[in-house]
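Step one of this worksheet: look at the structure below.
The values are calculated or read from the model by the stated rules, or taken from the named source; none is laboratory data. Just so it is clear, the structure is predicted and the values come from calculations on it, not from any experiment. Note that each Cβ is placed from the backbone with ideal geometry, even for glycine, and that neighbours are counted across all protein chains shown. Surface accessibility is based on the protein's heavy atoms, side chains included, excluding ligands, DNA and RNA. Shrake-Rupley method; radii C 1.70, N 1.55, O 1.52, S 1.80 Å.
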Amino acid sequence: MKKLLLTTAFVFSSTVVAGGDVHWGYSGEVGADNWGKLSPDNYQCSGNNQSPINLAGFIEADLAPIKFNYSAMAKEILNNGHTVQVNLNSGSSIELDGISFDLLQFHFHAPSENHINGQSYPLEAHFVHSDKSGNLAVVAVMFKEGSASKGLMPAWQQMPKHEGDTHSLKAKFNGMEILPDSKDYYRFNGSLTTPPCSEGVRWLVMKTAVQASKQQISAFSSVLHEPNNRTIQATNARMILQ
Ligand SMILES: [Zn+2]
């Protein structure tokens, strides 16, 4: 049963399906330290350009603004046992490096996976995009505890409480409502933070954290069985641009 449900975690891109049917988690035998040994398909989990990282030691760069075109409405929200994920109708994208990347889905981690200057946040959102060739770009947004996020409300009202639950979203909303007003960002080269840990992912972490209420944060973490953050990976030779 576990196997069958896990496949839903990887429907967002056929290019990252490899290894998706091997059981994994965040602790014990199937925890993050062992992902590379769980399947030959997970060989990249022990690579040198893995995510998440502690973002620090920034290199000044003239980063072009990301052009957001998040016009499509969210379609459904699901709990795949590893996260809560919102799937989008087609039609949302970002433009980066002169390339269009379609927004496929966004999902959450509690506590945050990436750290900024050594700081962890209680919640992090990942907006996962793919270009026509299957190259991935992830926009990450940090949440700090404060006032309730209006952007989260339509999805949170239909929080899927059990692994395998999928709900059609009744209220209209799109990911733009979750992003901070300022779209300044850090950039680095990383990977998927879940098996098969595929590298070559463009990571774009918003500098400005947004707020979510304590209730919103706990509403998310309470439907998962354990914290769903992979441990911080070595930065190695990578540059973190700002
Ligand atoms: Zn993620």
Put +1 on the Cβ of every Lys and Arg and -1 on every Asp and Glu Cβ in region 2-221; which of Val22, Val138, Ser90 then has its Cα farthest towards the positive end of the dipole? Ser90
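Count charges around Cys197 for me, please; just the other residues with Cβ under 10 Å from its Cβ, Lys/Arg as +1, Asp/Glu as -1.
Numbers: positive: Arg230; negative: Asp41, Glu199.
The answer is -1.
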Rounded to one decimal in nm, the spacing of the 7 Å Cα→Cβ label points at Asn89 and Ile232 is 4.2 nm
Cα lying deepest toward the dipole's positive end in region 2-221, options Tyr185, Asn79, Phe58, charges on Cβ: Asn79
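Enumerate by residue number the trypsin sites (Lys or Arg not before Pro) in region 114-176 meeting two conditions: DSSP loop (anything except H, G, I, E, B), and at most 14 other Cβ atoms within 10 Å of the site's Cβ.
Values: sites: Lys132, Lys144, Lys150, Lys161, Lys170, Lys172; in loops: Lys132, Lys150, Lys161, Lys170, Lys172.
Qualifying residues, ordered by number: Lys132, Lys150, Lys161, Lys170, Lys172.
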Scan around Leu104 for amide H atoms under 5 Å from its own, H built in the peptide plane at 1.01 Å from N, and keep only partners 5 or more places away or cross-chain. Val128, His129, Ser130
Select from Val139, Val128, Val22 the residue whose mean-square fluctuation is largest in a Gaussian network model of the chain (Cα-Cα springs shorter than 10 Å). Val22
Report the Cα centroid-to-centroid distance between region 169-242 and region 31-69 in angstrom, as an integer. 11 Å
Which value, in Å² rounded to 10, gives the accessible area of Glu124 with a 1.4 Å probe and all protein chains present? 0 Å²
Placing +1 at every Lys and Arg Cβ and -1 at every Asp and Glu Cβ, with all other atoms neutral, what dipole size does the chain have around its Cα centre, in debye to the nearest 20? 380 debye
Label points 7 Å out from Cα along the Cβ direction at Gln157 and Asp184: separation in nm? 3.5 nm
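Expected output is a single nm value to one decimal: the length gained when fully extending between Ala148 and Val30, i.e. 0.36 nm times separation in residues minus the C-alpha distance. What is it? Provide the component values of the computation, followed by the final result.
Numbers: separation 118, 0.36 × 118 = 42.48 nm, distance 3.43 nm.
Additional length available on full extension: 39.0 nm.
Where the only charges are on Cβ atoms (+1 Lys, Arg; -1 Asp, Glu), what is the dipole of region 104-236 about its Cα centre, to the nearest 20 debye? Kindly include the intermediate steps, with their values, before the conclusion.
Working: 12 positive and 11 negative charges, 58 e Å.
Here region 104-236 has a charge dipole of around 280 debye.
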Tell me, what ³J(HN,Hα) does each residue in region 132-142 have, in order and in whole Hz, if you take phi through Karplus 6.51 cos²θ - 1.76 cosθ + 1.60 with θ = phi - 60° and put x for Gly and Pro? 4, 8, x, 6, 9, 9, 10, 9, 10, 10, 8
Radius 12 Å from Cβ of Met73, net charge of other residues (Lys, Arg +1; Asp, Glu -1): +1
Long-range amide H partners of Ile116, meaning residues 5 or more apart or on another chain whose placed amide H is closer than 5 Å, are Leu55
Quick one: putting +1 on the C-beta of Lys and Arg, -1 on the C-beta of Asp and Glu, what dipole do you get for region 36-164 around its Cα centre, in Debye to the nearest 20? 340 debye
So what is the calculated 222 nm ellipticity per residue for the chain, using -39500 (n - 2.57) for each DSSP H run with n of 4 or more, over all residues, to the nearest 500 deg cm²/dmol? -1500 deg cm²/dmol
